[in-house]
1. Return yes when Phe52 is among the aromatic types (Phe, Trp, Tyr) and over 15 Å from the mean Cα position of the chain (by Cα) and no when it is not.
2. Would you tally the residues in segment 12-22 being surrounded by 10 or more Cβ atoms within 10 Å (Cβ to Cβ) and touching a strand residue (DSSP E or B) at 6+ places or on another chain (Cβ under 7 Å)?
3. Looking at segment 23-56 only, could you name the residues that are out of contact with any helix residue (DSSP H, G or I) (no Cβ under 8 Å at 6 or more places or on another chain), in a helix (DSSP H, G or I) and either of a type in the set (Val, Ile, Thr) or open to solvent by 60 Å² or more (accessible area, probe 1.4 Å) (or both)?
4. Only one residue in Leu66, Leu59 is open to solvent by less than 100 Å² (accessible area, probe 1.4 Å) and either touching a helix residue (DSSP H, G or I) at 6+ places or on another chain (Cβ under 9 Å) or aromatic (Phe, Trp, Tyr) (or both), so which one is that?
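The values are calculated or read from the model by the stated rules, or taken from the named source; none is laboratory data. These numbers were taken from a predicted model, which means no experiment stands behind them. No Cβ is skipped: glycine too gets one built from the backbone with ideal geometry, and neighbour counts run over all protein chains shown. The area values use the complete protein model at the heavy-atom level, side chains included, leaving out ligands, DNA and RNA. Shrake-Rupley method; radii C 1.70, N 1.55, O 1.52, S 1.80 Å.
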Amino acid sequence: MVMRQVVDLGGLLVSAFVVNLALSLLTLAVLRWLMGWFDLWRFVWDPPLAQFGILICLLGLYTLIL
């Protein structure tokens, strides 16, 4: 498995961490919308803390996968 430190986006060199963070934030936005649509936030004690935890888990997942 090859881990890239820098990603080339049309000649612009971007850190792989920034790309992973952007993907994590996009996924989190979709999850927040879905959880709001289905009213699942009522089962969560502290929604901002849960969102931060989900963001950290997604960032780690994308770092391992990509």
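1. Spelling it out, it is not the case that Phe52 is among the aromatic types (Phe, Trp, Tyr) and over 15 Å from the mean Cα position of the chain (by Cα).
2. Matching residues across segment 12-22 total 4.
3. Leu26, Val30, Trp33, Leu34, Trp37, Arg42, Phe43, Pro48, Leu49, Phe52, Ile56
4. Being open to solvent by less than 100 Å² (accessible area, probe 1.4 Å) and either touching a helix residue (DSSP H, G or I) at 6+ places or on another chain (Cβ under 9 Å) or aromatic (Phe, Trp, Tyr) (or both) holds for just one of Leu66, Leu59, which is Leu59.
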